Each structure stands twice: as C-alpha cells, then as structure tokens.
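Reading through the structure tokens given below for one structure.
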Amino acid sequence: MDSMTPPPIPTDVTLARQAGEGDDAAFRVLMQRHLQPLRGFLALRAPVPDLIDEVAHDAFVFAYQNMRDFTEGSLQPWLRSIAHNLLRDRLKAYARDCAKHERYSEQVRWEMALQDSEKPVSAESDHLAACLEKLRFHQRTILDLRYEAGLSSEEIARRTGRSTLAVRTLLMRVRQQLRKCIESHLEQKPA
C-alpha cells in the first residue's frame, strides 16, 4: 500500500463485530455514522421533540447491548427498527398516561362539583341548614324520606306506621316551622 492511500473504511458489520468484542472506539464510529440519520428518521415520527434524542439514545444503548445480533448490511435499518419499536412503546405509554390523567381530572371535577353542591349557596340556605339542625329526629326523618328519597306521603306513611294524613300534616307543620326559623334568622342579620 502506498503511504498516501487512506486506510479502507470499515463496514458497519466489521465495526459492529469490534464493538461487540468491547471496542468502544468502533462503537463511537458507528454512532458518528448513524446518529444524525436516525435523529432525522425520528424527527419525522416523534410528536414531541424531546423524544427524538431520548429514543435515539435508547436505540443506541439497545444496539450496543445486542451488537452480536447484527450480522449484515448497514446498521441504519436495524437502528431504525429498534427506534421505531421504542418510539411506539413510548407513545403507547404516553397515551395510557394521558387517559389516566383524563380519568383522574374527571374524578376531581366530579368531587369538586359534589363539594360545591353541598355548600350553601346563599344566606337563606345557610339559615336553612341551621334550622334543619334544630328539628327533632322524627321530623328530620320524615323530611329526608320526602325530599331526599323522593317518597310519596303514602309510602312514608307505610314506612313509618303513620296515617297518610298525619304525614302530610307533619310535613306542612315542619315546612312552616322552617320558614319561620329562616325568617327569624334573616331579621337578626344586619343589612
């Protein structure tokens, strides 16, 4: 060989074999040769720019760990296949995380709506809550059966062992008692 003739450029197979035997310099040459084309390949497929370098890095790590499996041709198609699979897995995981976050957000919105619905919305409702606390147990039970459970007077009468007329009368008296209680609270509040 002439001293002016450059040494032959090693093939990807030769460099891969050397890298598989622990030659880090050979692996660096493979990285210099294939990193930019792999990044370009990923740039056309990755929806988030951060994924380009991350997946390219992981593809080279996988390739380094499995260099014995590469036996012929250019390293680029093998690296692209690895990167494609890694990117697909990352995107699936990202979609699962997004779905989890969406379900969590929906749950939080529901809980917040429930908390908001339990809060009194006006001075009258504040007073109503205070007045309800003053009722006797049987009065509160009848109100709960009527307005929370949505039962008719007849059904309440059956459940409580009272007559329908007694239930209706009790409901009317409790409503009057609550109205007076709320009005007295409102009169006590300065304007």
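The values are calculated or read from the model by the stated rules, or taken from the named source; none is laboratory data. Since the structure is predicted, the reported quantities are computational estimates derived from the model, not experimental observations. All Cβ positions, glycine included, derive from the backbone under ideal geometry; neighbour counts span all protein chains shown. Heads up: the accessible areas ignore ligands, DNA and RNA and are worked out on the full protein's heavy atoms, side chains in. Shrake-Rupley method; radii C 1.70, N 1.55, O 1.52, S 1.80 Å.
Output the relative contact order of region 1-160, whole-number percent, from Cα pairs under 8 angstrom with separation of 6+ residues.
Details: 83 pairs, mean separation 29.1, N = 160.
So the answer I get is 18 percent.
How far apart, in nm, are the 7 Å Cα→Cβ label points at ALA25 and HIS101?
Modelled inter-label distance: 4.6 nm.
At a Cα cut-off below 16 Å, give the aspartates and glutamates reachable from LYS180, other chains included and same-chain residues fewer than 8 away excluded.
GLU124, ASP126, GLU133
Once you order the gyration tensor axes a ≥ b ≥ c over the Cα atoms, which shape class does region 1-92 get: rounded for a/c under 1.5, otherwise prolate or oblate by comparing a/b with b/c?
On the way: a/c = 2.75, a/b = 1.95, b/c = 1.41.
Taking the square roots of the gyration eigenvalues as a ≥ b ≥ c, region 1-92 is prolate.
In degrees from 0 to 90, rounded to the nearest 10, what is the angle of the helix 164-188 Cα long axis to the longest principal axis of the chain?
With rounding to tens, the tilt is 80 degrees.
Based on alpha-carbon positions alone, could you give the equivalent ellipsoid semi-axes of region 1-154 from the gyration tensor, as √(5λ), descending, whole Å?
73, 14, 12
Pairing the Cα long axis of helix 24-43 with the longest principal axis of the chain, what angle in degrees results, from 0 to 90 and rounded to the nearest 10?
For 24-43 against the chain, the angle is about 50 degrees.
As I understand it, the value is the acute angle between the Cα axis of helix 49-65 and the longest principal axis of the Cα atoms of the chain; what does it come to in degrees, rounded to 10?
50
Roll a 1.4 angstrom probe over the protein heavy atoms and tell me the percent of accessible area of the chain that is carbon or sulfur. Show your work: numbers first, answer last.
On the way: 7470 of 13590 Å².
Whole-percent figure for carbon plus sulfur exposure: 55.
When only DSSP loop residues count, what GluC sites (Glu not before Pro) in region 40-109 have their Cβ near at most 12 other Cβ atoms within 10 Å? Don't skip to the answer; put the middle values down first.
Numbers: sites: GLU54, GLU72, GLU102, GLU106; in loops: GLU72.
Those satisfying the criteria are GLU72.
Which percent of the Cα-Cα distances in region 28-69 go past 15 Å?
Cα-Cα pairs of region 28-69 separated by over 15 Å account for 40 percent.
Determine the per residue accessible area of region 34-135 with all protein chains present and a 1.4 angstrom probe, expressed in square angstrom. Let's see the in-between values first.
On the way: 7050 Å² over 102 residues.
Value returned for region 34-135: 69 Å² of accessible area per residue.
Could you rank the peptides 92-98, 137-143 by their average count of other C-beta atoms within 10 Å per residue, with the highest value first? Before the final figure, lay out the partial values.
Details: 92-98: 10.4, 137-143: 15.1.
In descending order of packing, they fall as 137-143, 92-98.
Can you work out ³J(HN,Hα) from phi for every residue in region 10-18, in order, using Karplus 6.51 cos²θ - 1.76 cosθ + 1.60 and θ = phi - 60°, giving whole Hz and x for Gly and Pro?
After applying 6.51 cos²θ - 1.76 cosθ + 1.60, I find x, 6, 4, 5, 5, 5, 5, 4, 5 Hz.
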